[in-house]
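Taken together, the values in this text are just the output of simple stated rules run on the coordinates, not laboratory data. What you are looking at is a predicted structure, and each value in this text was computed from that prediction instead of being measured. Here the Cβ positions follow ideal geometry from the backbone for every residue, glycine too, while neighbour counts run over all protein chains shown.
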Amino acid sequence: MAAQARWSSYRHDGAESVTWAMTGAPRGEVGCAVLADLLAPHPDVDRKRVTLLYRPLEDGRAARAVERDRHTADFRVASSRRPSARALAEQRAATRTAEEEARGAGLVDFAMLVTATVVDTPDGAPDALAAARAAVDTLAGTARVQLRPVFGAQDSAFAAALPVGLVLPVHLGVPAELRGAL
Amino acid sequence: MRLRPGRLRVAGEPGARGFAGPGRGAAGHLEAAPEWRATTVQACGLWPFAVGTGTPMTGVPLGRDLLSGATLCCDPVSWFQRARLISTPSAFVLGRPGLGKSTVVRRMALGLAGYGVLPLVLGDLKPDYVDLVDALGGQVVSLGDGRGRLNVLDPGETAAAARRLTGDARARLLADAHGRRQATLSGLVTVLRGGAPPTDREETVLDRATRLLDDRSGGTPATVHDLLQVVRDGPAELRAVVVDRGERRRYDELTEALEASLLGLVDGGRLGRVFGGPTTVPIRRDRPVVVDVSSVDDARTDLQAALLLATWSQGFGAVAVSHALADAGLEPRRHHVVVLDELWRVLRAGRGWSTGSTR
């Protein structure tokens, strides 16, 4: 079986897939059904996979991390005479996270990958793929997340979204532990 | 042919990122998905199980899911045996008239027949299943006025099967058949009396009388006629359980009601044309079977209920025989899917069915 990664799609066996990564988590409050439309089957997509990747932080590191985030946000607000609305919102979010952590909540790093697969037909494949891209772009709006195709790394992103336990951050040139400390 | 790992070689050695070359799987660039930090209080908001999952591809294909378009497979035997989704192999189909309850059951029965499970349709009132079973090469048993008779005292294949068994297995099978026959008899009496079950004394008389007949008959099964004659004769064993204090007149008084009810089951009685003689076609246990009772008029609810009840008893008896022989290693193990269509008719016809009819 052969597979071929392209710049913005991944061709494997008799199908073609596109994988998106979440580049913007929902802002503000979301209900438990916010992902319902994104998860539900869609007529334009033969197979759709939504993978949520969680990396829980250890308790000791979590406390340090939230405190550091809060200090950073506080510093941004304090360093300007007229702080921007965004800086103020970040400060509120950091304070709330710190409060929740202090009350016993855990801290988790999460990411989301969305893979749409269409069956490769000799004549209609490009159209089907375009329809699938349009469908996922629309669904991202209803889920209040920002999605961006993983350009240039469609094969590894596809593999990372499979339930096989592939953790991409540990395979990078600069390991996760090092980047977390930066 | 099995591929041995050593034989499957790809030319060249893989590099750090896989085999180089088009289509061979080397990953040129890795990019981890951007991560977002949140407390567990907030991260659970992106609830990943907001929509249901698909169903397992196990069982008879029924059709497509209306929402997702995915194939839906469902039947009680496969979901119990292989998919392990349900804890008992049974299904109850409920729906408004004309929406396809019987069609679903037909489809399940047909699919299960393909899996090697024998459909056993005990009482087809429409008929919905006769053509299906006929096409499967099964047995169509017609019952009704002038169509066919059913002798509820006939143990069917139980007697022949019991002769092939020994010890406990034989005793169990015979006791099982006796209990089922007893329940059917008292069920028929209940139908004749418009819903009132026989009294304790009458139950005992029936039990003792059928045992007496078993001892007497030398091969040909007794009929309701013989049962009535035994009750009329009043042998010593029966007079003892009736507690007649040695007076024949008292015996006659106490068994009068039972005698009247049994008269309804012999020729000339209300249900006599169906139950008054020897069984015309016995139910087989080794092929699909449908018992066609569609010739009975819908207005005769008593006959319908009595027929369904007696048919269930005979059908479950055939299944019990099959299991007993398979347990003893005398026959291959057979699985049956028993279809009880139009259950509500029997439930409406009288009380006491839950103990009397469902094995």
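Per-structure values
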quantity	calculated
Whole-number percent relative contact order across segment B:67-216, with pairs defined as alpha carbons under 8 Å at least 6 apart	10 percent
Dipole magnitude (debye, nearest 20) for the protein assembly as shown, charges at Cβ of Lys, Arg, Asp, Glu	1300 debye
Inter-part distance where segment B:13-68 and segment B:166-194 are each reduced to a Cα centre, Å	58 Å
Two-site FRET efficiency, B:Asp65 against A:Val119, from Cβ-Cβ distance with R₀ of 25 Å, rounded to 0.05	0.85
Positive-end residue of B:Cys73, B:Thr53, B:Asn151, charge dipole of segment B:1-158 with Cβ unit charges	B:Thr53
Choice from B:Trp47, B:Trp344, B:Trp79 with maximal GNM fluctuation in chain B (Cα, 10 Å cutoff)	B:Trp47
FRET efficiency, 1/(1 + (r/R0)^6) with R0 45 Å, evaluated for B:Glu256 and B:Ser87 via beta carbons	0.40
Exposure proxy ranking, count of Cβ atoms within 10 Å, fewest first, for B:Thr311, A:Thr142, A:Thr95	A:Thr142, A:Thr95, B:Thr311
Label-point separation, B:Arg248 to A:Gln4 (7 Å along Cα→Cβ), nm	10.5 nm
Segment A:56-117, dipole about Cα centre (Lys/Arg Cβ +1, Asp/Glu Cβ -1), debye to the nearest 20	440 debye
Segment B:104-156 and segment B:273-333: distance between their alpha carbon centers, rounded to Å	9 Å
Cα-Cα P(r), chain A, percent of pairs per 10 Å interval	8, 28, 30, 21, 10, 2, 0
Radius 14 Å from Cβ of A:Ser8, net charge of other residues (Lys, Arg +1; Asp, Glu -1)	0
Residues A:Met1, A:Met22 arranged by fewest to most Cβ contacts within 10 Å	A:Met1, A:Met22
Span-rule helices in chain B, defined as complete DSSP H runs reaching 20 Å or more along the axis (Cα) with Kyte mean at least 0.5	B:301-327
Share antiparallel - DSSP beta bridges, chain B, percent rounded to 5	30 percent
Estimated FRET transfer efficiency when R0 is 60 angstrom, pair B:Leu94-A:Val174 (beta carbons, to 0.05)	0.45
Residue-count net charge about B:Leu213 - beta-carbon cut-off 14 Å; Lys, Arg +1, Asp, Glu -1	-2
Sequence-separation-based contact order of chain B, relative, with Cα cut under 8 Å and 6+ spacing, percent	24 percent
Dipole magnitude of chain B, debye to nearest 20 (Cβ charges: Lys/Arg +1, Asp/Glu -1, about Cα centre)	1400 debye
Sequence-distant residues sharing a close amide H with B:Leu72 (under 5 Å, placed H)	B:Leu62, B:Gly63, B:Arg64, B:Asp65
Neighbour net charge for B:Ala27 - beta-carbon separation under 15 angstrom, K R +1, D E -1	+2
Phi-based couplings in Hz for segment B:83-90 (Karplus 6.51, -1.76, 1.60; Gly and Pro marked x)	7, 6, 8, 10, 8, 9, x, 8
For segment B:280-290, 3J(HN,Hα) per residue [Karplus equation, 6.51 cos²θ - 1.76 cosθ + 1.60, θ = phi - 60°, Hz, x = Gly/Pro]	6, 10, x, 6, 8, 9, 10, 7, x, 9, 10
Rounded to whole Hz, the Karplus (6.51, -1.76, 1.60) HN-Hα couplings of segment B:270-276, x for glycine and proline	5, 10, x, 6, 9, 9, x
Burial ordering of B:Tyr115, A:Tyr10, B:Tyr251, fewest other beta-carbon atoms within 10 Å first	B:Tyr115, B:Tyr251, A:Tyr10
Sequence-distant residues sharing a close amide H with B:Arg287 (under 5 Å, placed H)	none
